[in-house]
Amino acid sequence: MEFVDRETWGAPAASAAGFLGSARGVKIHYLGTGYESRGHPRCADYVRQVRAAHLADVREDYVDIAYTACVCEHGAVYEGRGTHRRPGANGDKELNGRDYAVCALLAKDGGGLDVPPAAMLHGLVDAIEWLRRDGDAGSWVGGHKDGYPTDCPGDRLYAWVHAGAQRPDGGRDDEVDPPGTYTVRVWDSLSVIARRLNVDWRDLANLNGIRPPYTIYPGQRLRIPERPGGPVVPPYPGVGAFVIGRAHPAVADLDTRLVLRGFTRHHDGDGYQPGRVFTEYTRRNVADYQRSRPELRGDPDGYPGPLTWRLIHS
Ligand SMILES: [Zn+2]
Ligand SMILES: [Zn+2]
């Protein structure tokens with residue numbers, strides 16, 4: 001846990017906020033404004049700005065930054081009012097006396113940094129664990145919108161909170177999914193994932209207990225519904241489909257299977273994306289897949305033959 005105490009980021013050591021003996025739990029917030037991703041050295045500066053804006057808010061008459069803590073995209077936890085201080089961000093006095101308030105430095109949808117990176121989710125869990133340990137917070141975790149009319153903390157964080165606010169341990173690049181499962185690695189809609197898995201999205205939702213608004217999050221491991229009649233293997237397109245630097249529709253299909261199975265560690269630095277061009281990255285990811293299968297291990301050249309094609313579609 002990277003903990004930045006008040007004095008380190010530039011606030012007086014003790015908060016002037018009222019005493020809070022214990023709390024039911026922790027409410028998660030987001031900025032809900034525009035916010036651009038930035039280098040970590042500039043995060044403390046932003047937290048200072050949030051505090052200055054809160055102190056300047058005449059209507060709310062805040063005595064300090066309203067949050068118990070803020071968490072940046074890099075996962076650092078900035079001490080706000082801190083433990084055993086009543087927060088000012090949950091809506092009213094009663095709500096503020098019930099739960100701590102932790103704010104992710106995250107934009108509203110379309111406002112810049114609007115997708116919480118894994119490091120931020122780890123930082124939020126760090127903050128929750130800290131408040132339980134040192135602040136007598138109970139086990140309850142929710143969003144600002146629980147019991148108060150607001151969009152905060154946005155659909156993505158809210159879904160993550162209500163799925164149990166877990167650390168995003170699944171879905172690392174180097175991890176291969178067990179058969180019959182799929183780990184969500186980027187934020188996608190349920191329908192996009194269902195299409196990738198070639199299953200009906202309603203079956204996928206039912207099997208995994210996903211309810212409206214059908215939001216899913218990175219690190220979530222889904223069970224893949226069985227298809228009646230088994231998997232459908234498209235016809236092998238021929239070796240001519242897989243030539244370095246050349247485009248072919250079968251390559252996009254191949255890429256999708258590689259992503260699905262987690263063979264994506266070779267890429268141009270921006271993550272491995274399905275595309276029609278057979279690149280050296282594609283070839284190396286195929287070679288990884290071939291090395292993972294006993295039937296293919298003897299010749300992991302990275303060029304899909306008929307057996308590689310059939311197995312990767314099965
Ligand atoms: Zn909020
Ligand atoms: Zn940061």
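Of note:
- Fluctuation leader among 279, 83, 68 - the chain, Gaussian network, Cα springs under 10 angstrom: 279
- Annotation: amide H of residue 77 within the under-5 Å range of 2, 3, 4, sequence separation 5 or more or interchain, hydrogens built in the peptide plane.
- Highest-fluctuation residue, 212, 168, 234 considered, GNM on the chain with Cα pairs under 10 Å: 212
- The H on the amide N of residue 23, modeled in the peptide plane, is under 5 Å from the matching H of 137, 138, each at least 5 residues off or on a different chain.
- Sorting 259, 47, 115 by accessible area puts them as 115, 259, 47; the probe is 1.4 Å, largest comes first, and only protein heavy atoms count.
- Efficiency of FRET between residue 181 and residue 227 - r from beta-carbon atoms, R0 22 angstrom, step 0.05: 0.90
- Multiplying the residue separation of residue 92 and residue 206 by 0.36 nm and removing their Cα-Cα distance gives an extension gain of 37.3 nm.
- Probe 1.4 Å - accessible area at residue 3, Å² to nearest ten: 80
- Alpha-carbon centroid distance for the pair the range 248-314 / the range 4-21, whole angstrom: 52
- Carbon + sulfur, % of accessible area of the range 1-151 - ligands and nucleic acids excluded, 1.4 Å: 46
- Residue-span extension gain [residue 167 to residue 314] - 0.36 nm each, minus C-alpha spacing: 49.8 nm
- Sites count as exposed loop sites when they are trypsin sites (Lys or Arg not before Pro), lie in a DSSP loop, and have at most 15 other Cβ atoms within 10 angstrom; the longest stretch of the chain without one is 60-171.
- Cβ-placed point charges (K, R +1; D, E -1), dipole of the chain about Cα centre in debye, nearest 20: 640
- Annotation: residue 70 carries an accessible surface of approximately 0 Å², with a 1.4 Å probe and no ligand, DNA or RNA atoms counted.
- The Cβ shell under 15 Å around residue 211 holds other residues with a net charge of -1, Lys and Arg each +1, Asp and Glu each -1.
- Once the Cα-Cα distance is subtracted from the 0.36 nm per residue extended length, the residue 42 to residue 133 segment shows a gain of 29.9 nm.
- Rounded, prolate or oblate (a/c below 1.5 giving rounded, otherwise prolate when a/b exceeds b/c) for the range 239-312 by Cα gyration tensor: oblate
- The simple Förster model, with R0 at 41 Å and r as the Cβ-Cβ distance, assigns residue 1 and residue 284 a FRET efficiency of 0.70.
- With N as its number of residues, the chain has a Cα radius of gyration that, divided by 2.2 N^0.38 Å, comes to 1.20.
- Shape call, the range 3-162: gyration tensor on alpha carbons, a/c limit 1.5: rounded
- Gyration tensor (alpha-carbon) shape descriptor, the range 72-231, a/c threshold 1.5: prolate
- Residue 55 sits among other residues whose Cβ lies under 10 Å from its own Cβ, and their net charge, with Lys and Arg +1 and Asp and Glu -1, is -3.
- Rounded to the nearest whole Hz, the Karplus-based 3J(HN,Hα) values (6.51 cos²θ - 1.76 cosθ + 1.60, θ = phi - 60°) of the range 295-309 follow the sequence 5, 10, 4, x, 9, x, 7, x, 9, x, x, x, 5, 4, 4, with x at glycine and proline.
The values are calculated or read from the model by the stated rules, or taken from the named source; none is laboratory data. Note that the coordinates shown come from a computational prediction; the quantities given were computed from them, not determined experimentally. When we count neighbours, we look across all protein chains shown, and the Cβ atoms used for this are built from the backbone with ideal geometry, even at glycine. Protein only, heavy atoms only, side chains kept; ligands, DNA and RNA dropped before computing areas. Shrake-Rupley method; radii C 1.70, N 1.55, O 1.52, S 1.80 Å.
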